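Peer 1: I'd like to ask some things about the structure below.
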Amino acid sequence: PPHRRVRLGIGYVPQGRGILPGLTTRDNLRFAATAVGRRAASLDSILAELPRLKGLLDRPGGALSGGEQQLLALARALIQQPRILLLDEPTAWLDEMSEKQFIQHLQQWLGKRRTLVVATHRLPILDLVDRIIVLENGKVVMDGPRDAILHQHGLAPQKATQRTVTMKPAAVAEEGAA
């Protein structure tokens, strides 16, 4: 259940965002804070971390753009002050600019010695991780340092012009055997 996950210090941003579309941005954040027993004052700290939300406080969640909704979903998770953050396709529906901003917010959050687990097919989000684990049909088919796995596929996160990636386990197995 969500309350147990929160008590364990685990935040979650689902692929469907999980915001309350009929509530304002402010009320979405207050609801998330109240759900974990945080005082409304923690709203100020989240707005300091994610200042783009300040101008959206009185807008309903359902009236926000896709990028703004994703930022709100991230803020709802971060207001719970998790040590571990689980993200399911966090930038799948974002344009390139919104994706970059989302990643920048996560880089700031991660700088405080926290853990991020992300399910993604988007290459830019991999800049946030140190390790890549690829699952196929519930089985681990690749596991290793990010840079080594990307190199095996002829990719480098800083130089990639593409935004999505498909990794083929067979290519890794063949290179590993050589």
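The values are calculated or read from the model by the stated rules, or taken from the named source; none is laboratory data. Only a predicted model underlies this, so the values are computations on that prediction, with no experimental measurement involved. Quick reminder, even Gly has a Cβ in these numbers, built from the backbone with ideal geometry, and neighbours come from all protein chains shown. Only protein heavy atoms, including side chains, enter the accessible area calculation; ligands, DNA and RNA are left aside. Shrake-Rupley method; radii C 1.70, N 1.55, O 1.52, S 1.80 Å.
Peer 1: Near Ala73, within a Cβ-to-Cβ distance under 13 Å, what is the net charge of the other residues, with Lys and Arg +1 and Asp and Glu -1?
Peer 2: Neighbourhood net charge equals -1.
Peer 1: Tell me the net charge near Val129. Cut-off is 11 Å between Cβ atoms, Val129 excluded, with +1 for each Lys or Arg and -1 for each Asp or Glu.
Peer 2: Counting the neighbours of Val129, the net charge comes to -1.
Peer 1: Keeping every protein chain in place, order Lys54, Lys139 by accessible area at 1.4 Å, biggest value first, i.e. largest first.
Peer 2: So the residues, ranked largest to smallest area, are Lys139, Lys54.
Peer 1: For Trp93, what is the net charge nearby, where nearby means another residue's Cβ is under 11 Å from its Cβ and Lys, Arg count +1, Asp, Glu -1?
Peer 2: Every neighbour counted, the sum reads -1.
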